Amino acid sequence: MPIAQLLPSHDKDLGGGFTVRRILPAASRQSVGPFLFFDHMGPVQAEPGARHDVRPHPHIGLATVTYLFEGAIMHRDSVGSAQRIEPGAVNWMTAGSGIVHSERTPEDLLDRTRRTHGLQLWAALPREHEEAAPAFSHTPADAIPEIAFEGAAVRVLVGSAFGRASPVPTFSDTLYLDVQLAPGAFLDLDGLPEESAVYAPIGAIAVDGEAVPPNTMALLAPGAPARVSSAAGARFVLVGGAPLDGRRYIFWNFVSSSRERIEQAARDWEADAFAPVPGEHERIPLPAWPAAWRRGD
């Protein structure tokens, strides 16, 4: 059976009225390859004057991967990056030993009605790179490899597939594809990483004839080829890679193989010891520690 497991989403309020559908981490599964957070943002329409800003906040031990279908986000971070994120581009931010960033509505869009739709993923860094220097990599849409098939178009966002390789830098075996299917079309997938999953942010798909419910990720059986199809047309992503090299602890925006490292990062944020984002004067406060963390679960 090509579908090994179905992972439904749940709504997560990020504040300011901006809600995402979160698939990973799930109660039954923490990650798929290196990806341990998978958020589907929107589509959401904002009226003139409305802001869906994410104020400055910290990360350690991971890389964020932001990809838009509609809209624009202004990214700023503590290593000095100031990048407008637009549809089709891949934005990879390595937190490593620690980074702070904000995500805001571009000023030129505030006075108009606009839509935002996209995906934001977190990839855990391998243990040997968890304390890598923080960095930001922007790959424009026209630099992403595209492959055309009958009824299907594939963009290789991260990793290698169908003989093409993405220029996005990574730290481990990682695959991230954006696939558009015409009505009645299909795409055969084979030779995938050990852990792989598909998710359709637009339209409905089936895997080897088995329908995938809306807002649900389908984890594929390891080593088995799969045919992804759509009766009415759809856009889906495939994510995956080598399994993580051990358990990761997660608290708020911090990821690490060490509980103590996360607790230190939390103390550093409370003490305002992270490098600031140039030009920013706000910050998201550290949330309360969950009871499960205090119990050592």
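In the stretch 203-224, the residues that are without any contact (Cβ under 8 Å) to a residue 24 or more places away in the chain and over 15 Å from Asp188 (Cβ atoms) reach residues that are surrounded by 15 or more Cβ atoms within 10 Å (Cβ to Cβ) and of a type in the set (A, V, I, L, M, F, W, C) with C-beta atoms within less than 9 angstrom, at least six apart or across chains, in these pairs: Ala211/Ala204; Ala211/Ile205; Pro214/Ala200; Pro214/Ala204. Here Met217 passes the criteria (1) over 24 Å from the mean Cα position of the chain (by Cα); (2) modelled with pLDDT of 95 or more; (3) not in a loop (DSSP other than H, G, I, E, B) except the one numbered (1). One residue stands out among those in the stretch 123-139 that are closer than 24 Å to Ile85 by Cα and over 17 Å from the mean Cα position of the chain (by Cα): the one that is surrounded by the fewest Cβ atoms within 10 Å (Cβ to Cβ), which is Ala133. In summary, Ala50 fulfils each of the numbered conditions (1) over 23 Å from Leu219 (Cα atoms); (2) under 14 Å from the mean Cα position of the chain (by Cα); (3) aliphatic (A, V, I, L, M) with the single exception of condition (2).
Annotation: of all residues in the stretch 238-297 being hydrophobic (A, V, I, L, M, F, W, C) and touching a helix residue (DSSP H, G or I) at 6+ places or on another chain (Cβ under 7 Å), the one that is farthest from Pro201 (Cα to Cα) is Phe274.
With the structure loaded, tell me whether Ile85 is buried (at least 17 other Cβ atoms within 10 Å of the Cβ), within 26 Å of Gly49 (Cα to Cα), β-branched (Val, Ile, Thr) and modelled with pLDDT of 95 or more or whether it fails that test. Even if it seems obvious, please write down each step before you answer.
Numbers: buried (at least 17 other Cβ atoms within 10 Å of the Cβ): yes; within 26 Å of Gly49 (Cα to Cα): yes; β-branched (Val, Ile, Thr): yes; modelled with pLDDT of 95 or more: yes.
So Ile85 fits the description; yes.
Regarding the stretch 103-122, can at least one residue be identified that is at pLDDT 95 or above, under 22 Å from Asn91 (Cβ atoms), under 19 Å from the mean Cα position of the chain (by Cα) and small (Gly, Ala, Ser)? Taking every residue of the stretch 103-122 in turn, at least one turns out to be at pLDDT 95 or above, under 22 Å from Asn91 (Cβ atoms), under 19 Å from the mean Cα position of the chain (by Cα) and small (Gly, Ala, Ser). Number of residues in the stretch 60-79 that are surrounded by 24 or more Cβ atoms within 10 Å (Cβ to Cβ) and in contact with a Phe, Trp or Tyr (Cβ under 7 Å, 6 or more places away or on another chain): the value is 6.
Scan the stretch 7-45 for residues that are surrounded by 15 or more Cβ atoms within 10 Å (Cβ to Cβ) and modelled with pLDDT of 90 or more and the total you get is 21.
Checked against the criteria, Phe136 does not count as among the aromatic types (Phe, Trp, Tyr) and over 14 Å from Trp92 (Cβ atoms).
For the stretch 222-254, a residue qualifies if it is more than 20 Å from Ala182 (Cα to Cα), among the hydrophobic types (A, V, I, L, M, F, W, C) and buried (at least 16 other Cβ atoms within 10 Å of the Cβ), and the qualifying residues are Val239, Leu244, Ile250, Phe251, Trp252, Phe254. Residues that are among the charged types (D, E, K, R) and either at pLDDT below 95 or surrounded by fewer than 16 Cβ atoms within 10 Å (Cβ to Cβ) (or both) within the stretch 144-183 comprise Glu146, Glu150, Arg164, Asp173, listed in sequence order.
Restricting attention to the stretch 133-181, the residues that are in a loop (DSSP other than H, G, I, E, B) and touching a Phe, Trp or Tyr at 6+ places or on another chain (Cβ under 6 Å) total 1.
Based on this model, can you work out whether Ile3 counts as touching a helix residue (DSSP H, G or I) at 6+ places or on another chain (Cβ under 6 Å) and hydrophobic (A, V, I, L, M, F, W, C)?
Working: touching a helix residue (DSSP H, G or I) at 6+ places or on another chain (Cβ under 6 Å): no; hydrophobic (A, V, I, L, M, F, W, C): yes.
No; evaluated as a whole, the condition is false for this residue.
If we keep just the residues of the stretch 259-280 that are free of Cβ contacts under 8 Å to residues at least 60 places away in the same chain and in a loop (DSSP other than H, G, I, E, B), which is surrounded by the most Cβ atoms within 10 Å (Cβ to Cβ)? Spell out the reasoning first.
Filtering the stretch 259-280 for residues free of Cβ contacts under 8 Å to residues at least 60 places away in the same chain gives 259-260, 263-264, 266-267, 270-273.
Going one step further and asking which of them are in a loop (DSSP other than H, G, I, E, B), we end up with 271-273.
On the way: Ala271: 8, Asp272: 8, Ala273: 12.
Here the answer is Ala273.
Which one is nearest to the chain's Cα centre (by Cα), of the residues in the stretch 55-71 that are of a type in the set (A, V, I, L, M, F, W, C) and more than 15 Å from Leu119 (Cβ to Cβ)? It comes out as Leu62.
The values are calculated or read from the model by the stated rules, or taken from the named source; none is laboratory data. Predicted model, so just to flag it, every value in this text is computed and none were measured. Cβ coordinates were reconstructed from backbone atoms using ideal geometry, including for glycine residues, and neighbour counts include every protein chain displayed.
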